[in-house]
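Following: one structure in structure tokens, then a few remarks.
Nothing in this text is a laboratory measurement; each read-out follows from the coordinates by a stated rule. All values reported here derive from a predicted model rather than from experimental measurement. Here the Cβ is made from the backbone with ideal geometry for all residues, glycine too, and neighbour counts use every protein chain on show.
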Amino acid sequence: MFVFYEEDGQFKAGRVMADNDASLQVETASGKRSKIKADRVFQRFSAPEPAAFMDAAHAVRDEADPDFLWEAAGTEEFDYQQLAEEYFGHSPQPHEAAGILMRLHEAPMHFYKKGRGRYKPAPAENLAAAKASVERKAREAMQVDEWKASLVSGALPAWDADIHRLLFKPDKNTLAWKALDAACSQTGESALHLLNRCGAIADIEALHKAQFLLEYFPKGTGFPDIAEPFDPPGLPEAEVAAFSIDDAATTEIDDAISLQFSPDGGARVGIHIACPALGIPPGSRLDDIARARLSTVYFPGDKITMLPEAVIDHYTLIEGQHCPALSMYVDVAADFSIRNIESRLEAVHIAANLRHDTLDQRFSEETIGAGPDYPYKRELEWLWGFTSTLEASRGAVNQINRQDYNFSIERDGQGNSRVDIVPRKRGSPIDKVVAELMILANSRWGTWLKEKGVPGIFRNQSMGKTRMATQPGIHQGLGVENYAWSSSPLRRYVDLVNQRQLLSLVQDVAPTYGPRNDYLFAAVRDFELTYDGYADFQRRLERYWCLRWLLQENVSEITANVIRDDLARLNGLPMVVKAPSLPPGLAADTVVRFKLSGIDLLGIELHAEYAGTVEAASVESA
């Protein structure tokens, strides 16, 4: 005796070795034995042998047209034996019934399974929709194969795919992604290099920007229309005229300085910080925008501001206007010791916006106490003496000055760009004056928040680790007891939050954020993650433009200073390279020469081959 049965979703035929009513021992033609339940058996037969039976059943299955069976089945639920009898016009042979059952089982679009051997025809509209879906999938499969073949051959398909999104934030259900993924699997290339080979990447700079924007600005960098007012209330006018010091491209002028000399040789120093907190209430649309962005994004040639341009224009400390400001006044004795500090909310007249490009040559260590006169010469030279004392009091004297670099990118409007990278040594008198006054403001305001028990966001550093926290702590690197970023509220959300808390102290009202405020904890967490992401993007774009400069200037050899092991910093560029060819054991700051090759703008990499050490005195900037 033989049986036709279902096992694990497959139909089989086999010889019955034992029949125990509820279950059977069955041996297939291959010799495999299985125990099956009796209710899995659909046909019992004595001939032919199982292999021949299955061949005959498959022939019936292949001949039966599911569309014809669907039309013959009517609309009600039925048993497969019943349909087989109607199909053949006689009581079906076991192999005939088995063939019809297999065809019903393999046509789920046409027939819905309702039980053991029982089915119901699909409604006409459902069947039509299912057929359309199958046809669509077949067309899509053909399209994917066509695009894949095009990509493999090195030709960009005639598609409307967003290449940047396809690379960095793909929808893996799209045909373009499926074709690209299949092509990469066949060629062994990365999606980036395959698309580049196909000519899809015309602007590599835009590519690197797009990767960042899709992650941090998926809805774009524009701002929604803001209807809410951001005019501050009337403020008392300060009795000082202030000036700011910034790069030529700076539009978010957060800070300015004033100086009133005293007859005894001392002075009253004013540190004036733009005050957008007056017009950006917590929970407002403007606050939501700033909270989402958390910081202005800086990168060579451009920036993405934290606040809309109209808001920046309203609060920036622009020359010739009275601007709302949170001011710290520091009374300084002739020996540069601090006698008193007070804070005020006021409107400050900004008399001048001084710029580095014109001030650098006038105000330097070489010109202090000498050289021709220029606007604010007396004030700047006095401030240099005062801030040098501040620096010394922090234990920062004789620290190594870091080299900064200014990137200047000229575009001709036709896709061509030229980059100039100009070294700028930090620690110049201009830098010292601005930096030390901001450190003074941020540290003293941080201490004020701590003393008054007002929560804030502090920047702490110990054991070489810097972190943001809602609890004050020492900042070892700066040599101050407390440090709370407060001097850049137009550019950093942390500073805007701290400014709200400081305003509560100046105005003698309850602070915006109370103790152990969950909002502050969340802001700290999100700011650190986002700020790190922005900084990484800036470093990547700077590295890209360094490589562009090397190509532009046709530099094939360059000197570098060893950092450690196989890492070295190129001279004249803000760029660190990994060079496995460096001999082991070279001391830090050893000057070496590299031969450069393999510049890859896509991967932002290059190959630096060790070409020997050089005397420090003979080092020439690249």
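A few remarks follow.
- Residue-count net charge about Ser295 - beta-carbon cut-off 10 Å; Lys, Arg +1, Asp, Glu -1: +2
- Straight-distance crosslink candidates among aspartates and glutamates, where the alpha carbon sits under 15 Å from Lys37 and sequence neighbours closer than 8 are dropped: Glu6, Glu7, Asp8, Asp19, Asp21, Glu27
- 27 Å Cα-Cα threshold exceeded, pairs from Lys377/Lys450; Lys219/Lys303; Lys219/Lys425; Lys303/Lys578: Lys377/Lys450; Lys219/Lys425; Lys303/Lys578
- Cα centroid separation, region 209-259 to region 573-601 (Å): 40
- For the pair region 180-208 / region 100-172, the C-alpha centres are spaced 26 Å from each other.
- Hits among aspartates and glutamates - C-alpha to C-alpha of Lys172 under 19 Å, sequence gap 8 or more where chains match: Glu140, Asp145, Glu146, Asp160, Asp162, Asp181, Glu189, Glu215
- Rounded to 10°, Cα long-axis angle of helix 204-216 versus longest principal axis of the chain: 80
- Taking max minus min of the alpha-carbon positions on each principal axis, region 555-618 gives extents of 33, 23, 19 Å, largest first.
- With contacts taken as Cα pairs under 8 Å at a separation of at least 6 residues, the chain carries a relative contact order of 8 percent.
- For region 297-313, 3J(HN,Hα) per residue [Karplus equation, 6.51 cos²θ - 1.76 cosθ + 1.60, θ = phi - 60°, Hz, x = Gly/Pro]: 9, 10, 7, x, x, 6, 7, 10, 6, 6, 10, x, 4, 5, 5, 4, 4
- Compared with the rule-of-thumb size 2.2 N^0.38 Å for a compact globular protein, the chain has a Cα radius of gyration ratio of 1.50.
- Both radii are taken from the alpha-carbon atoms of region 411-523; with Rh as the Kirkwood radius, Rg/Rh is 1.13.
- Packing rank of 463-473, 117-127, where each peptide gets the mean count of other beta carbons within 10 Å, highest leading: 117-127, 463-473
- Exposure proxy order (Cβ contacts within 10 Å, fewest to most) of Ile421, Ile338: Ile338, Ile421
- Region 2-122: radius of gyration and largest Cα-Cα distance (Dmax), Å: 14.3, 42
- If the chain linking Ser185 and Ala522 were pulled fully straight, counting 0.36 nm for each residue of separation and taking away their Cα-Cα distance, it would gain 117.1 nm.
- Given +1 at the Cβ of Lys and Arg, -1 at the Cβ of Asp and Glu and no other charges, the dipole of region 126-202 around its Cα centre is 160 debye to the nearest 20.
- Summing Cβ point charges (Lys, Arg +1; Asp, Glu -1) relative to the Cα centre of the chain gives a dipole of roughly 1440 debye.
- Checking every one of the trypsin sites (Lys or Arg not before Pro) in region 558-618 against DSSP loop status and a limit of 12 other Cβ atoms within 10 Å picks out no site at all.
- Extended-chain gain in nm, criterion 0.36 nm per residue less alpha-carbon gap, Val422 and Asn20: 135.5 nm
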